[in-house]
Amino acid sequence: MIKSELVKRISSQNPHLYDRDIEKVVNTIFDEMVEALRRRNRVELRGFGAFSVKIREARQGRNPRTGVVVAVAKKAIPAFKTGKEMRARLNRETEPPAELERHSSTLTNKGRVSPCPRQRSRLHLSKKKGTGTMAGPPQSKAR
């Protein structure tokens, strides 16, 4: 999701607010977060996660093309750690809708997977046994 999509989503949920006002609020929140990180403060959004800054010290690097030694300056790198609630929400097991259960593959009595009726109609099996994009159950060898 990009910032403009976030503004549109908030706008659709709050039709009484102007888009320009929502955009100002979103920009202000992000600007304040950046300023706090520039001051080396930690920004914590409960239930979501925490932003912090990690400092990488100055070091000697190499130009990958030429192999020349180059001085790499000290820099600040933003870091994010998810909160417990966010991890729980992301990893929560959800029940598939009943419609999906109806059309999913089912196991036959011998442990083979048989496709649902819609998938069966799309199978491209040739007349020779065992060839094609998806092989069906083994056929009897009656002659």
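Only residues that are closer than 17 Å to residue 39 by Cβ and assigned to a strand (DSSP E or B): list them for region 68-81, please. Spell out the reasoning first.
Quick first cut of region 68-81, residues closer than 17 Å to residue 39 by Cβ only: 74-79.
Once the filter is applied, which keeps residues that are closer than 17 Å to residue 39 by Cβ and assigned to a strand (DSSP E or B), region 68-81 yields 75, 76, 77, 78, 79.
What do you reckon, is residue 65 free of Cβ contacts under 8 Å to residues at least 40 places away in the same chain, in a helix (DSSP H, G or I) and not aliphatic (A, V, I, L, M)? Working first, answer last.
On the way: free of Cβ contacts under 8 Å to residues at least 40 places away in the same chain: yes; in a helix (DSSP H, G or I): no; not aliphatic (A, V, I, L, M): yes.
Here the answer is no, as residue 65 does not meet what is asked.
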Across (1) at pLDDT 95 or above; (2) touching a Pro at 6+ places or on another chain (Cβ under 6 Å), residue 70 clears everything bar (2)
request  = State whether the residues of region 19-31 include one that is within 17 Å of residue 80 (Cβ to Cβ), at pLDDT 95 or above and either assigned to a strand (DSSP E or B) or out of contact with any Pro (no Cβ under 6 Å at 6 or more places or on another chain) (or both).
outcome  = yes
So, first residue closer than 20 Å to residue 51 by Cβ in region 83-102, second residue modelled with pLDDT under 90, Cβ within less than 8 Å, six or more apart or across chains; the pairs are none
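For region 35-58, how many residues are assigned to a helix (DSSP H, G or I) and surrounded by fewer than 13 Cβ atoms within 10 Å (Cβ to Cβ)?
Step one: of region 35-58, the residues assigned to a helix (DSSP H, G or I) are 35-38.
Next, from what is left, pick out any that are surrounded by fewer than 13 Cβ atoms within 10 Å (Cβ to Cβ): 35, 38.
So the count comes out to 2.
The values are calculated or read from the model by the stated rules, or taken from the named source; none is laboratory data. It should be emphasised that the depicted structure is a prediction, and the values quoted were computed from it without experimental measurement. Because the Cβ atoms are built from the backbone with ideal geometry, glycine has one as well, and the counts that use them run over all protein chains shown.
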